[in-house]
1. Which residue pairs have Cβ atoms under 6 Å apart, sit 6 or more places apart or on different chains, and have a first residue in segment A:283-306 that is under 20 Å from A:Gly246 (Cα atoms) and a second that is in a helix (DSSP H, G or I) and acidic (Asp, Glu)?
2. Of everything in segment A:216-242, what is away from DNA strand B (no atom under 16 Å from the Cβ) and either surrounded by 13 or more Cβ atoms within 10 Å (Cβ to Cβ) or among the charged types (D, E, K, R) (or both)? Give them in sequence order.
3. Go through segment A:256-284 and report how many residues are touching a Lys or Arg at 6+ places or on another chain (Cβ under 8 Å) and not polar (S, T, N, Q).
4. More than 15 Å from DNA strand B (Cβ to nearest atom), touching a Gly at 6+ places or on another chain (Cβ under 8 Å), more than 27 Å from A:Arg121 (Cα to Cα) and at pLDDT 95 or above - does that describe any residue in segment A:147-158?
5. Limited to segment A:190-225, what total is found for residues that are touching a residue at least 24 places away in the same chain (Cβ under 8 Å) and charged (D, E, K, R)?
6. How about segment A:241-289: which of its residues are hydroxyl-bearing (Ser, Thr, Tyr) and either under 21 Å from A:Gly299 (Cβ atoms) or away from DNA strand C (no atom under 16 Å from the Cβ) (or both)?
7. Could you pull out the residue among A:Leu95, A:Leu104 that is touching a residue at least 40 places away in the same chain (Cβ under 8 Å), of a type outside the set (Lys, Arg), part of a loop (DSSP other than H, G, I, E, B) and surrounded by 18 or more Cβ atoms within 10 Å (Cβ to Cβ)?
8. Give segment A:107-131 a look and list any residue that's part of a loop (DSSP other than H, G, I, E, B), free of Cβ contacts under 8 Å to residues at least 40 places away in the same chain and either farther than 25 Å from A:Pro85 by Cα or within 16 Å of DNA strand B (Cβ to nearest atom) (or both), or say none.
Amino acid sequence: MTLMPAAPAPPATTPQTSTLLHAPVIDWFRAHARDLPWRRPEAGPWGVMVSEFMLQQTPVNRVLPMYEQWLARWPRPADLAAEAPGEAVRAWGRLGYPRRALRLHAAASAITERHGGEVPRDHAKLLALPGVGEYTAAAVASFAYGQRHAVLDTNVRRVFARAVTGAQYPPNATTAAERRLARALLPDDEPVAASWAAATMELGALVCTARTPSCGRCPIADQCAWLAAGSPAHDGPPRRGQTYAGTDRQVRGKLLAVLREAVSAVPQAALDAVWHEPVQRARALDGLVADGLVEPLPGGMYRLPLT
DNA sequence: CACCCGTGGCA
DNA sequence: TTGCCAAGGGT
């Protein structure tokens, strides 16, 4: 066996392998990005933050009209903070996960009190806000302020799983390895990194989709490890599906729907009508009260929270 | 870390 | 029709 010539050490100016992905993905984004309202300059950091809360586990198409309504009604954090939290819950409509509305209201209050009404730029300060986790803090810092952060949402995780790792789907929970990979792939230059974050998310949302990816339209198909391996089916633990019918969540949804429609406080009987099983019904109502989504009043009356 | 938390569209 | 899935966060 002959000795292969040693590979020459790459000159310092040679880009690392990962950067071969940057230009095609960012170029694709420039050509194909959707014109979403929270991407327009006039959205501002508050618009970005509102959109990020709404987009948590909720599709873009359902968020669009709610986003417009919210920004028209509450153009600044202080405007929302001045309202009762119940008004945020009511205006949330049927977006789902109404605790997000409560947390967004609480975040607006914190921004008003602690940050002079301006959405903070600092990642740690963003992370300290109610309802802002690792993803949302990075997203706001990156999209609203152009900073360099690894933005690791379900779309990006899937793109990396396929293109780099060669797996059809990422792990159920975000792993340290994924965070490491996301940081390693992040372009050095700050504005380029911000473009990369938005571009990889959009690629996952439009092309590298969960069910039937459009690999024929993918700008990095020629570099995709999963495609190169013949698009092998997912192996590993199945992502456990979420049943809904008959759960407390469904009951909570029905109870809250009654309170959202009501102009003022609602009697117990009106809530009892939405679900036949009294034990589960009571548990669901108790849960809503415990979460601060419902305010119990004397005399068995209930309403959305005023404070 | 596993589980809880809404809702609706689509294959 | 029925799962699957959608820019997660909190406990």
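1. A:Ala284/A:Asp248
2. A:Cys218, A:Pro219, A:Ile220, A:Ala221, A:Asp222, A:Gln223, A:Cys224, A:Ala225, A:Trp226, A:Leu227, A:Asp235
3. Counting residues in segment A:256-284 that are touching a Lys or Arg at 6+ places or on another chain (Cβ under 8 Å) and not polar (S, T, N, Q) gives 11.
4. So far as segment A:147-158 goes, yes, one or more of its residues are more than 15 Å from DNA strand B (Cβ to nearest atom), touching a Gly at 6+ places or on another chain (Cβ under 8 Å), more than 27 Å from A:Arg121 (Cα to Cα) and at pLDDT 95 or above.
5. Residues in segment A:190-225 being touching a residue at least 24 places away in the same chain (Cβ under 8 Å) and charged (D, E, K, R): 2 in total.
6. Looking only at segment A:241-289, we keep the residues that are hydroxyl-bearing (Ser, Thr, Tyr), and these are A:243-244, A:247, A:264.
Residue satisfying the conditions is A:Ser264 alone.
7. On the way: A:Leu104 fails: part of a loop (DSSP other than H, G, I, E, B).
Residue meeting the stated conditions: A:Leu95.
8. Once the filter is applied, which keeps residues that are part of a loop (DSSP other than H, G, I, E, B), free of Cβ contacts under 8 Å to residues at least 40 places away in the same chain and either farther than 25 Å from A:Pro85 by Cα or within 16 Å of DNA strand B (Cβ to nearest atom) (or both), segment A:107-131 yields A:Asp122, A:Pro130.
The values are calculated or read from the model by the stated rules, or taken from the named source; none is laboratory data. Since this is a predicted model, take the numbers as computed values, not measurements. Note that we place each Cβ from the backbone using ideal geometry, even for glycine, and neighbour counts take in every protein chain shown.
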